[in-house]
Amino acid sequence: MKLIKAVGLIAVLGLGSALAQDRTQTLIYGGDWSDLITMDPQVSYEFSGGLVTDNLYETLVKYEGADLSTLRPGLAESWKVDRGRDSWEITFRLRRGSKFSSGNEVTARDGVYTCERALAIKGPGSFLFTEIAQLKPGATKALDNYTVMVSIPKTASPGSFLSILTFNIGGIVDSETVQRNARGNDFGKEWLTNNSAGSGPFRLVRWDRGSQVLLEASPNARLKPKLQRVILREIKEPAVLRTALESGEIDIAEGLTPEALRALANNPRFKTLRADSLRLNYLGMSVKEGSPFANNLVRDAVRYSINQDELVSGLVQGNGTKIQTIIPKGLLGYDARTPYNFDPARARRLLAQAGLPNGLEFELLVSTGICGGGIPCADIAAKIQSDLAKGGFKANVKAIANAEVLRTYRAQNHQMVLVGWSPDFPDPDGNATPLANYAARSLAWRNVWNDATSAKLANQASLETDPAKRTALYRLLTDYVLKNGPYAILYQPAVPLGLSAKVEGYVRNAQSQVRFENISKLP
Amino acid sequence: MFSYFIRRLFFVIFVAWGVTFATFFIANVVPIDPAIAALGDNAREEQIQEFRERYGLDKPIWQQYLIYMGRLASGDLGNSLRTQRAVAEDLREFFPATLELSVAAFLVTLLLGVPAGILAALRQNKASDVTVRVLALMGGATPVFFLAVLLQYVFARQLDLLPVQGRLDGFTFPPPRVTGLVGVDALLARDWAAFVDSLLHLMLPAFVLGLFSAAILARMTRATMLEVLSQDYIRTARAKGVAGRAVIFRHALKNASLPILTLLGGLLGGLLSGAVLTETIFSWPGIGRYVTQSATSLDFPAVMGVTLLVGLVYALINLITDLLYAFLDPRIRYS
Amino acid sequence: MAVLAPVNRPSRPLRRFLRNPGGLIGASLLVVLILLALLAPIIASDPINQNIAERLKPPSAQHILGTDQLGRDVWARVAHGTGISLKVGFGVVVLAVLIGVLVGLLAGTLGGAWDNLLMRVTDIFFAFPSLILAMAIAAALGPNLNNTIIAVALVSWPIYARLVRASVLALREREFVEAARALGAGRSRLMLRHLLPNTLTPIFVQASFDVGGAILTAAGLSFIGFGAQPPTPEWGAMVSETRSYIAEAIWAPTAPAIGILLTVLAFNLLGDALRDILDPRGRD
């Protein structure tokens, strides 16, 4: 019996504290939420921010469960896409009687306000609206109290727009409450940083930064949660997370080590889950002129030097899966082929062919911290370093702050980086264009890989509407990038979770969305 | 006396300025890009440019410094690039947790260090003295970060006696925030369960943080007591038949308190440094963890804010130590 | 000139040292650590050689301190880490003493406004919380072992500046300096020939303590990621890398932590003994 529980119990019984919470009605979810900077749905672009705001706000359309391909009704009970003269017109019929936590009814006006708000605030995720959906101010209209119509240009994809609307940037805010709390022209940005005004199943009660976020069931919500309270508890240390879960301080632990996960799996008091993600951890090689990696033989040598099986089974241990192509499992166009097998002798031959019989020394940049799948980046780097050595490479690992890694990478000043990439929206184009098209000024650009074939394929595939043809195009593209690109994909990390056996109904989709209203706790 | 304090006050201001000056230029030794740190991998080039302009990061360093100093004069510490809000606001939010932990650790230091030192001095060269000295030596050489990890493992995981993280159990409803010190807030709300709970959460981190300075304090107390006990007047008092305990508490301890007091000021300052490691490991939401996270993401406005605050607190502690010194030792007159 | 020789005669301190048990333990510990550092390549295997299949294995005949999360031999890493920690400790103190002595000597001998300015700068560095400042410096310089040494040295020098200045001021009043001055010795000659040797004792005592302190601070920096680069077997970094596995492999973080503890202990014991012997007035 934990001292704290004993004393706590005595205190509760003896002094009759009315404030102690009912354990079966409270869920405590531990993890590294240190990236939380705002609770504003139109501003937040962090994983943790999305996790919280998705439960505070409802979107017009949404995905359910782990399925990221079928749109379901959210605040809109139905919607249709019409081909206008020079634009797509998307009309949403709102459900009647949905209420914000303030008690106000959700109307078309709130939908319009939310879209205009996102465009005006220009948060870090606003490019989803402005670039991908090419949404302009004034393009969202309320046809009546329960009908919203959005017009986007013909050059944009209505499918992409609808999928973007499932993110927190599309979370409908209570326009009246927000405007009442606005300061000047800030569209309530300051107020919404620490408060909520949504129609989601929960409302934000208290946010102790760096410590915990306390959500409570919203009294007016249409979606009635099974739990009264959800608490997100910020714990970064994997060992502490594990201890906290095992001693009952928390109900769910996110970011455990593979060993902890294995131990918990063998304990009937707990269950484990490896939630999918769309992330890829990869090596990026600069093919800038004069760089040794400009020669594809050298890049091939790198790909043959990596003992991916040992990396995935020995180090990542199920907290990630083997993958070599650039579209992650879970998206259309995923290609399961893994033609590069660990072959250091071949790598040495390739290096010799490339005119480097004595091997190659270079710098491998890696960020400090955790690299996906609960594995420290430094461990991945050390593993890669030792593999590469067998293939004739001498990689000097430099572990620096993530921001420094990204700065160097963005300035095209790296030789090799070990980083990760998650698509901005769940579509193969979220990976294909950044990784294959130099003109997008994203990953291909950073690695100075200007390849006309891959850029053309990526473009074609993004505009193709027929799924079969699109799949075929992506197959061509991924195969081409696999063999010619400036990358060596390492693995697709999963999110390692440990849960108390009493927790039911936890589902996390590959976009890191968790619907807290579906979670319940057995007594 | 008055002019002495005016001078000390000027000194505090001078220190504060020096701290900001030094940190500012340290922060700019290497061309860093906090914009990328704040916006992340997927940010578009235009967003990064816009961010740089918003925070004045596109200006030359000396200009940035002048802007910073200008704002500082009006009490504005600038904005944190990571949390994207005023550094002053962040400090207000996180400092109470550090204060709470430091005070608790200071109590650990006092309650362990002083009695252990006195005991060792009175039983010089006996078993208890040797034990105290060995423990003090070990305590002064143990890396605080390992001690934290080890005690978490033993007391929270293996024995399951104490909570492993945080300031309050998740199932305990936090008391309304008044002072930011959870224990005090719980008392104000008359929430005894929360108060007890907050004490339990303090135990491990406070012990970890306080042990190192307790070790130093024990050694110092022992040495000082030995010296005082060998003085003539103590021997005289003993010869005059004053009972043992009275000698120790009325005479020896009073005279030993001055050098101990000097040390305490330094130790309290040292606790703030130790808090960096302790808070990180115990998920303690104080400025130690805040400054670590800020430094990791190259958020130098935040790092500067913390150094400034801690530098000021440190200077303040020294001032208070001086005051107490004058109070306790009538021979000292400041001029 | 015989008057100016160091105050203590050489034979007595040695005899007193030999009678000081703490000092003897400290010195023998240090000898063992130095031997370990020198012999590590011979008596321990490759510290960066990985074997993922042998990950987190408990101590055995093959790996006497077990293996870490990459299947590396913990004993090999601890042994090779000895030299690194000693290098950091000595490096920091040498650098800090150089800066401190320079500042202290200048302040003490120049006097007046210079003295004031230099000592106020010293006060500023003294007022800094050391780990926070070192962290800021290390973050700005970029994390590697040499920058860690620089960062810790930059927060450790003020004590030497104060010590040296105080000694200089005290010595300036002493007769023999007056005598030397009367004999026409130049200012810089005065400083180097006469003052410095007489300030060495307190510096030496302080430095022996600070080596341990520097090792602790540097390990703390490495622990939070502002120090040695992987796969360097730096002790603080080793504790940091393996702390998540404490439940499965308690040996992995404990072994380097004991390394730190013993090294710091050795220097603290040595410092105590040296202070007792060389500087009886400065005793606790």
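The values are calculated or read from the model by the stated rules, or taken from the named source; none is laboratory data. Please read these numbers as outputs of a predicted model, since none were measured by experiment. So basically every Cβ, Gly included, is an ideal-geometry build from the backbone, and we count neighbours across all protein chains shown. We work out accessible area using only protein heavy atoms, side chains counted, and drop any ligands, DNA or RNA first. Shrake-Rupley method; radii C 1.70, N 1.55, O 1.52, S 1.80 Å.
When both residues are 6+ apart or on different chains and their Cβ atoms are under 6 Å apart, which pairs have a first residue that lies in the stretch B:128-146 and is on the phi > 0 side of the Ramachandran plot, and a second that is of a type in the set (D, E, K, R) and surrounded by fewer than 23 Cβ atoms within 10 Å (Cβ to Cβ)? Listed pairs, sorted by first residue: none to list. Just so you know, in the stretch A:398-422 the residues that are at pLDDT 90 or above and not in a strand (DSSP E or B) include one that is farthest from the other protein chains (Cβ to nearest Cβ), and it is A:GLN415. Across the stretch C:138-158, the qualifying residues are those that are open to solvent by 10 Å² or more (accessible area, probe 1.4 Å), part of a helix (DSSP H, G or I) and without any contact (Cβ under 8 Å) to a residue 60 or more places away in the chain, and the one among them that is farthest from the other protein chains (Cβ to nearest Cβ) is C:ASN146. Of the residues making up the stretch C:206-213, none is within 12 Å of chain A (Cβ to nearest Cβ), open to solvent by less than 30 Å² (accessible area, probe 1.4 Å) and of a type outside the set (A, V, I, L, M, F, W, C). Annotation: C:VAL121 fulfils all but one of (1) within 30 Å of A:VAL366 (Cα to Cα); (2) in a helix (DSSP H, G or I); the unmet one is (1).
Condition check for C:ILE277 on (1) within 13 Å of chain B (Cβ to nearest Cβ); (2) at pLDDT below 85; (3) touching a Phe, Trp or Tyr at 6+ places or on another chain (Cβ under 7 Å): one failure, at (1). Counting residues in the stretch A:126-144 that are surrounded by fewer than 23 Cβ atoms within 10 Å (Cβ to Cβ), within 14 Å of chain B (Cβ to nearest Cβ), part of a loop (DSSP other than H, G, I, E, B) and under 27 Å from the mean Cα position of the chain (by Cα) gives one or more.
B:SER213: at pLDDT below 95 and away from chain C (no Cβ under 14 Å), yes or no? No. Of the set (1) in a helix (DSSP H, G or I); (2) surrounded by fewer than 23 Cβ atoms within 10 Å (Cβ to Cβ); (3) aliphatic (A, V, I, L, M), all apply to A:LEU331 but (1). Candidates in the stretch A:218-245 are the residues that are within 25 Å of A:LYS99 (Cα to Cα) and surrounded by 22 or more Cβ atoms within 10 Å (Cβ to Cβ); of these, the one that is nearest to the other protein chains (Cβ to nearest Cβ) is A:ILE231.
The listed residues are C:THR242, C:THR232, and the only one of them that is touching an Asp or Glu at 6+ places or on another chain (Cβ under 7 Å), more than 9 Å from every other protein chain (Cβ to nearest Cβ) and of a type in the set (Ser, Thr, Tyr) turns out to be C:THR242. Scanning the stretch B:281-299 for residues that are facing another protein chain (nearest Cβ under 7 Å), farther than 17 Å from A:PRO238 by Cβ and in a loop (DSSP other than H, G, I, E, B) turns up B:PRO285, B:SER297, B:LEU298.
Residue-wise test of (1) in a helix (DSSP H, G or I); (2) within 30 Å of A:THR368 (Cα to Cα); (3) in contact with a Gly (Cβ under 9 Å, 6 or more places away or on another chain).
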| residue | (1), (2), (3) |
| --- | --- |
| A:ASN396 | no, yes, no |
| A:ASP427 | no, yes, yes |
| A:LEU435 | yes, yes, yes |
| A:LYS456 | yes, no, no |
| A:ASN459 | yes, no, no |
| A:THR471 | yes, no, yes |
| A:TYR474 | yes, no, yes |
| A:TYR480 | yes, no, no |
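Inside the stretch C:121-137, residues that are in contact (Cβ under 8 Å) with a residue 12 or more places away in the chain and among the β-branched types (Val, Ile, Thr) make up a count of 3.
On inspection, B:VAL313 passes the criterion of being within 13 Å of the chain's Cα centre (by Cα), at pLDDT 80 or above and surrounded by fewer than 24 Cβ atoms within 10 Å (Cβ to Cβ). The set of residues in the stretch B:160-190 being among the β-branched types (Val, Ile, Thr), more than 9 Å from chain A (Cβ to nearest Cβ) and out of contact with any Lys or Arg (no Cβ under 8 Å at 6 or more places or on another chain) consists of B:VAL178, B:THR179, B:VAL184.
Might you check whether a residue that is open to solvent by less than 50 Å² (accessible area, probe 1.4 Å), more than 19 Å from A:LYS189 (Cβ to Cβ) and part of a strand (DSSP E or B) occurs anywhere in the stretch A:107-120? Within the stretch A:107-120 (the criterion being open to solvent by less than 50 Å² (accessible area, probe 1.4 Å), more than 19 Å from A:LYS189 (Cβ to Cβ) and part of a strand (DSSP E or B)), the answer is no, since none of the residues qualifies. Here the stretch B:53-109 is the region considered, the condition is being touching a Ser or Thr at 6+ places or on another chain (Cβ under 8 Å) and modelled with pLDDT under 90, and the residue that is surrounded by the most Cβ atoms within 10 Å (Cβ to Cβ) is B:SER80. Within the set A:ASP86, A:ASP67, A:ASP82, the sole residue that is open to solvent by 20 Å² or more (accessible area, probe 1.4 Å), without any contact (Cβ under 8 Å) to a residue 40 or more places away in the chain and away from every other protein chain (no Cβ under 14 Å) turns out to be A:ASP82.
Please specify each residue of the stretch A:386-396 satisfying the condition of being under 30 Å from B:ASP299 (Cα atoms) and either in contact with a His (Cβ under 9 Å, 6 or more places away or on another chain) or buried (at least 21 other Cβ atoms within 10 Å of the Cβ) (or both). Result: A:ALA395, single match.
Considering only residues in the stretch C:111-125 that are more than 9 Å from every other protein chain (Cβ to nearest Cβ) and open to solvent by 20 Å² or more (accessible area, probe 1.4 Å), the one that is nearest to the chain's Cα centre (by Cα) turns out to be C:LEU118. Considering only the stretch A:288-323, state which residues are assigned to a loop (DSSP other than H, G, I, E, B), in contact (Cβ under 8 Å) with a residue 60 or more places away in the chain and in contact with a helix residue (DSSP H, G or I) (Cβ under 6 Å, 6 or more places away or on another chain). Within the stretch A:288-323, A:ILE306, A:ASN307, A:ASN319, A:LYS322 qualify.
Residues that are surrounded by fewer than 24 Cβ atoms within 10 Å (Cβ to Cβ) and among the β-branched types (Val, Ile, Thr) were ranked within the stretch B:198-230; the one that is nearest to C:ASP276 (Cα to Cα) is B:THR224. Return the only residue of B:ARG123, B:ARG157 being among the basic types (Lys, Arg), more than 7 Å from every other protein chain (Cβ to nearest Cβ), free of Cβ contacts under 8 Å to residues at least 12 places away in the same chain and surrounded by fewer than 24 Cβ atoms within 10 Å (Cβ to Cβ). Going through B:ARG123, B:ARG157 in turn, the sole match is B:ARG123.
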